[in-house]
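First comes the structure, then the notes that go with it.
The values are calculated or read from the model by the stated rules, or taken from the named source; none is laboratory data. In this text, all values refer to a predicted model and were calculated from it rather than measured experimentally. As a convention, Cβ positions derive from the backbone with ideal geometry for all residues, glycine included, and neighbour counts pool all protein chains shown.
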Amino acid sequence: MSKLQGNQALVKALAVIDAVADGHRQLKDICLVLGYPKSTVHRILQGLIEARYIREVKGIGLVLGTKVIQLGIRAQQDMPLKEIAKPYLRELSELTQETVHLGIKDEDHVFYLDKLPGQRQIQMRSQVGDRLPMSITGVGKALMLDMPKMEWKRLISSQTQQDVDAMMQRMNEYSKRDYSFDLEDNEDHVHCVAVPIRNKYGNIIAAVSVTSIKEYMPDDRMRELVPVITSYCKKISEQLN
């Protein structure tokens, strides 16, 4: 097998794993979403099942295998940020009574490393492991703060239905003050305040947000939360450096 063929085979295998992770449980569904021939997907699945990356559950179909779970645990162990931040996120959630998120940049997306639910009788749809377009979330916009303006424009125009000029103005303001807001940009009735975590060189490595419904997040409270969240982000940064 040539190097090119090997790379193509790897890309296809990873695409099949992603399809199963996205909830496609049957062979025909995976073929449909990926556009691969049935014989190709069947062959890939057989190899992935043997290697324990995929398993077949009676009555359910194809699901992620134990090997993927093991790799996920190892990946978390190799990422100390989550464990270092945990007690500070818990304290911040208890202080504000709201849901707290920790996210990192993953290409053009934000990847949620952690989520601590608030004390109120409301549930945010977000989950640990979610991967969302950066420009539609508070955490994502906090991760964008140091990017060139051309990158802001590219992400906003490609990821949202919002007025690009209006969002660019918001990003300019956020960049000056080192925070960001989500004003129902992703979900109706949801507001959040997000602040970046910076390393000792001043580079943004993650972001923390406090999220709730707008009933509990009027404009004045959102502004009041900025220095509170900033103080916790600095505490996390000090532990990392």
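Couple of notes before you dig in:
- For the stretch 186-196, the criterion of a residue being over 25 Å from E83 (Cβ atoms) and at pLDDT 95 or above is satisfied by no position.
- Candidates are the residues of the stretch 160-174 that are surrounded by 11 or more Cβ atoms within 10 Å (Cβ to Cβ) and aliphatic (A, V, I, L, M); the one that is farthest from M144 (Cα to Cα) is V164.
- Among the criteria (1) in a loop (DSSP other than H, G, I, E, B); (2) over 20 Å from M171 (Cα atoms), the one V228 does not fulfil is (1).
- Condition met for E83 (assigned to a helix (DSSP H, G or I) and surrounded by 14 or more Cβ atoms within 10 Å (Cβ to Cβ)): no
- For beta carbons closer than 8 Å, sequence separation of 6+ or different chains, a first residue in the stretch 219-241 that is under 13 Å from T96 (Cα atoms) and a second that is among the hydroxyl-bearing types (S, T, Y), the qualifying pairs are L225/T96; V226/Y179; V228/T96; I229/Y179; I229/S209; Y232/Y88.
- The stretch 117-135, residues that are at pLDDT 90 or above and touching an Asp or Glu at 6+ places or on another chain (Cβ under 9 Å): P133, M134, S135
- The single residue among L48, L92, L116, L132 that is touching a Leu at 6+ places or on another chain (Cβ under 7 Å), surrounded by 14 or more Cβ atoms within 10 Å (Cβ to Cβ) and either in the same structural domain as E187 (by TED's automatic domain parsing) or under 18 Å from A21 (Cα atoms) (or both) turns out to be L116.
- If you go through the stretch 94-149 and keep only what is part of a loop (DSSP other than H, G, I, E, B), closer than 22 Å to M167 by Cβ and β-branched (V, I, T), you end up with just T137.
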